[in-house]
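Reading through the C-alpha cells given below for one structure.
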Amino acid sequence: MAKRLDLKAVDIFYGDFHAVSDVNLSVSPRSVTSFIGPSGCGKSTVLRTLNRMHEEIPGARVDGEVLLDGEDIYARSADAVAVRRTIGMVFQRPNPFPTMSIRDNVVAGLKLQGVRDKKKLDEVAEASLRGANLWKEVKDRLDKPGGGLSGGQQQRLCIARAIAVQPDVLLMDEPCSALDPISTLAIEDLIGDLKKEYTIVIVTHNMQQAARVSDQTAFFNLEATGKPGKLVEIDDTEKIFSNPHEQATEDYISGRFG
Amino acid sequence: MTERTTAARPRDPQDEGSAAGSATLDTVTDTDPGRGGTDRGKATPGRGERIFRGLTSGSGLLVVAAIAAIGLFLLVQAVPSLLADNANFLTSPVFDTRDPANLNFGIRDLLVVTLLSSLFALVLAMPIALGIALFLTQYAPKRVARPFAYVIDLLAAVPSIIYGLWGIAVLAPALLPIATFLRDDLGWFFLFAPGNLPVLTGTIFTGGVVLAVMILPIITAVTREVFSQAPRFHIEAAQALGATRWEVIRMAVLPYGRSGYIAGSMLGLGRALGETIAVLIVIRAATTPSGFSLFDGGYTFASLIASAASEFSQPLPTGAYIAAGLVLFVLTFVVNAIARVVAGGKVNG
Ligand SMILES: Nc1ncnc2c1ncn2[C@@H]1O[C@H](COP(=O)(O)OP(=O)(O)O)[C@@H](O)[C@H]1O
Ligand SMILES: [Mg+2]
C-alpha cells in the first residue's frame, strides 16, 4: 500500500552521457507529485529510475539512493523485477497487450505474481476497472481484445492494469499527451480519486494539468544542451504556480501561461 | 507545449463508443498530419499519380496473368497423358512412362515422399529457427548477434548442389547411428519402421535433415525480422509489470511475431516441397512402394521430374511429368492458403 519515496543525490547516466544530476526529493504517501520542465530536461529519465526501468537501456546507470519507505530499491539485495511488481507505471502511449482480452490485460500483473484463482482474478479485474472508471464501458466485452478500445479507454485500461496489483507507487509519464480533451479530463478525475489510495508521480507537459491534479510540483530544467538536467525546485503546487522560489521557475511558468 | 497536449483530436471522442476490432492502437497514431495530404492527392489525381497507378495495377495484373498462363499451360499438356494413363493417377505408386503406348503412372509415392521429407524438415527446422530468432533478437548482445545472423544468412547462399553432396557424403554416414537406433528401438512407430531401402543412408530421413538445414535460414530470417519489430512500448508494458525476460517474450514478443513465424515456416515448407537437386542426390530410388516410413526412399515430385528431364522428347510421357508438376503446383498453393488462414490474413498480427 501507498508508500513514501525519497531520492537522495540521484545521478542518472546513459552510457557516458550524464542525463540528470543530483536530484533530491521526497514524495509522501497518498499524494500527487508532478514533474514539469522543458523537453529533454530529464523528467522521464527520473521517473524511469523510480521503478528501475531505466536500467533496461544498454549502458544506462543510476547513482545515489532511491528509498521506498526507507528501503533502497537499488540495494544489492533488491531485484529489479520484484521492484517493478510493486511500482506501477503508465506510459505516454497507451500500451495494452493487443492480443490479450480486456480482462487478461487487467490481471496480467497478478498472473505474473502467480495468482491463478479465477474467482479472485475476476474480482480484481472488476475492482480495478471500476477504479479506473472503465467498468461501465467494457463490462459487456471483457473477453474482447484490449486493442479494440479507443485511445482514452486504452489508457484507462492501462491504469486499471497498473492498479490491479495495488502498487506502492503509481508512476505516469505524460499519460494524457496522446489523448483528446474529454479523455484527458476523465484521466485527471481518476488521478484525483486514485490519490486517496496511492502515491502518484506524474510527468506532464501541460501546466494547467499539473496545477489541477498535483499537491506538489517539481520543476526540472536544463542549463544548456549536453549538460545534465537538474531539479530546480520542488514545492507545494500552489506555491510553485503563484510564488516560486527560483527565478527560472517563474520564467518558465509565466512564459507558458502568458 | 500546452497547445500540443490539449489540442483537439476530433477522431477520438467518436471512437469512444465503437468496439470495432480494427480501431486498434492506431487510434493514437492515426492523427498524423500526413493523412490530410494523401486524401487531397486522391481527390484530384495528377499525371504522375495516374501513371503510377497504371504501372502498379498493370504489373499486378501481369503477375496474375502469368500464373494463370502457367497453370493453363500445364493443364493443356497434362490432359492427354492423363487420359492415356492405364494406372490410377492418384493411387498408383508406379511411374512408368517408358512405353508411350502403355503409360502407367500415379503420384501416390511422389506425394508421400514429398510430404514426408518436407514436413519432417519443417518439424526439425521450426523449433531451431524459433530458438535462434529469439536468441538473436532478445538475448544476444549486438556484437554477437550480428555475425551470428550473418552466418545463418550465409546458409541460404549455399547452392543446392552443395547441400546434396554434403548430405550424401557427410551427413548420411554421420546420421547412421541415430537412424539405426530409431529403426531398431522405435521401429514399432510407423515413421521409424524399416523402409523399402536396403540401407539406412539416403533415406527420406537423411533428405529431411538436409532440407531442414536448407530452410532454416529463411524461417530464421523472417522470424528474426518480426521479433525484432516487436513494439518497444509493449515490451516496456510487460517489463513495468515486473515480467522476467522470458515473460516479456511470452507477453509482448511471441504474440506479436506468431503469425510472422508461421508465415516464415510456410515459406520454408514451400521451398522444401519444391527442392530438386539436393533431394535427387540424397534420397535413393526405391523399387517397392513406400510404407510411410522415414527410412523409405523414392522420388519427390521435383526430383522425379528433374531425373527424367533428359527424356522429354515425346509428348505423352512428357505430359505425365507435367501432370505430376501440376500437383506440386497445387500443393504449394494449398500450403500458401493454409499459411494465410493460420496467420490470420496478416503477417504482423
Ligand atoms: N535511451 C536513451 N539513450 C540516450 N539518451 C537518452 C535516452 N533517453 C533519453 N535520453 C536523453 O536524456 C535526456 C533526458 O531525456 P528525457 O528524460 O526523455 O527528457 P524529458 O522526459 O524531460 O523530455 C535527453 O537529453 C535525452 O536525449
Ligand atoms: Mg519525457
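The values are calculated or read from the model by the stated rules, or taken from the named source; none is laboratory data. All values derive from a computational prediction rather than experimental measurement. Quick reminder, even Gly has a Cβ in these numbers, built from the backbone with ideal geometry, and neighbours come from all protein chains shown. The protein model used for the area step is the full one, side chains on, heavy atoms only, and it has no ligands, DNA or RNA in it. Shrake-Rupley method; radii C 1.70, N 1.55, O 1.52, S 1.80 Å.
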- request: Would you point out which residue out of A:SER77, A:SER26, A:SER101, A:SER128 is open to solvent by 40 Å² or more (accessible area, probe 1.4 Å), over 30 Å from A:LYS230 (Cβ atoms) and among the hydroxyl-bearing types (Ser, Thr, Tyr)?
  value: A:SER77
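Rundown of residues vs (1) closer than 30 Å to A:PHE13 by Cβ; (2) more than 14 Å from chain B (Cβ to nearest Cβ); (3) open to solvent by 10 Å² or more (accessible area, probe 1.4 Å), yes/no style:
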residue	(1), (2), (3)
A:LEU179	no, no, no
A:GLU188	no, no, yes
A:VAL201	yes, no, no
A:ALA210	yes, no, no
A:GLU223	yes, yes, yes
A:LYS227	yes, yes, yes
A:ASP235	yes, yes, yes
A:THR249	yes, yes, no
query: Looking only at helices (runs of 4 or more DSSP H) that fall completely inside segment B:230-349, which ones have 3 or more residues that are open to solvent by less than 40 Å² (accessible area, probe 1.4 Å) and at negative phi?
result: B:232-240, B:254-274, B:277-282, B:301-308, B:315-342
query: Based on what the data block shows, is A:VAL27 more than 9 Å from every other protein chain (Cβ to nearest Cβ) and within 16 Å of ligand 2 (Cβ to nearest atom)?
result: no
task: Keeping to segment B:91-116, report how many residues are assigned to a helix (DSSP H, G or I) and crowded, with 21+ Cβ neighbours inside 10 Å.
output: 5
message: open to solvent by less than 50 Å² (accessible area, probe 1.4 Å) and touching a Leu at 6+ places or on another chain (Cβ under 7 Å): which single residue out of B:THR180, B:THR137 fits that description?
response: B:THR180
query: In this structure, is A:ARG52 touching a Phe, Trp or Tyr at 6+ places or on another chain (Cβ under 7 Å) and open to solvent by 20 Å² or more (accessible area, probe 1.4 Å)?
result: no
- prompt: Quick one: A:GLY151 ticks every box in (1) within 16 Å of ligand 1 (Cβ to nearest atom); (2) open to solvent by less than 10 Å² (accessible area, probe 1.4 Å) bar one, so which box is it?
  reply: (1)
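Residues are listed down the side, and each one gets a yes or a no for (1) hydroxyl-bearing (Ser, Thr, Tyr); (2) under 18 Å from the mean Cα position of the chain (by Cα):
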{"residue": "A:ALA75", "(1), (2)": "no, no"}
{"residue": "A:ILE87", "(1), (2)": "no, yes"}
{"residue": "A:PHE97", "(1), (2)": "no, no"}
{"residue": "A:SER101", "(1), (2)": "yes, no"}
{"residue": "A:VAL107", "(1), (2)": "no, no"}
{"residue": "A:ASP122", "(1), (2)": "no, no"}
{"residue": "A:GLU137", "(1), (2)": "no, no"}
message: I'm trying to understand the selection: among the residues of segment A:1-23, which are touching a residue at least 12 places away in the same chain (Cβ under 8 Å), surrounded by fewer than 18 Cβ atoms within 10 Å (Cβ to Cβ) and near ligand 1 (Cβ under 8 Å from one of its atoms)?
response: A:TYR14, A:GLY15
message: So for segment A:246-256 (the condition being in contact (Cβ under 8 Å) with a residue 24 or more places away in the chain and within 30 Å of B:ALA238 (Cβ to Cβ)), does at least one residue qualify?
response: no
- line: Taking segment A:24-44 and keeping residues farther than 16 Å from A:ILE234 by Cβ and within 6 Å of ligand 1 (Cβ to nearest atom) leaves A:SER39, A:GLY40, A:SER44
task: Select from segment A:199-230 the residues that are more than 15 Å from ligand 2 (Cβ to nearest atom) and farther than 19 Å from A:GLU188 by Cα and list them in ascending order.
output: A:GLU223, A:ALA224, A:THR225, A:GLY226, A:LYS227, A:PRO228, A:LYS230
- request: Quick one: in segment A:171-182, of everything that is under 14 Å from A:GLY152 (Cβ atoms) and not in a loop (DSSP other than H, G, I, E, B), which residue is nearest to ligand 1 (Cβ to nearest atom)?
  value: A:PRO181
field: Residue list for segment A:62-99, filter: within 16 Å of ligand 1 (Cβ to nearest atom), of a type in the set (D, E, K, R) and within 13 Å of another protein chain (Cβ to nearest Cβ)
entry: A:ARG93
- request: Out of the residues in segment B:189-212 that are of a type in the set (A, V, I, L, M) and buried (at least 20 other Cβ atoms within 10 Å of the Cβ), state the one that is nearest to the other protein chains (Cβ to nearest Cβ).
  value: B:ALA212
Residue satisfying condition, being among the hydrophobic types (A, V, I, L, M, F, W, C), open to solvent by less than 60 Å² (accessible area, probe 1.4 Å) and either in contact (Cβ under 8 Å) with a residue 40 or more places away in the chain or in a helix (DSSP H, G or I) (or both), within set B:LEU165, B:LEU154, B:LEU175, B:LEU119: B:LEU175
task: Return yes or no: is A:PRO244 away from ligand 1 (no atom under 16 Å from the Cβ), facing chain B (nearest Cβ under 9 Å), open to solvent by 10 Å² or more (accessible area, probe 1.4 Å) and not charged (D, E, K, R)?
output: no
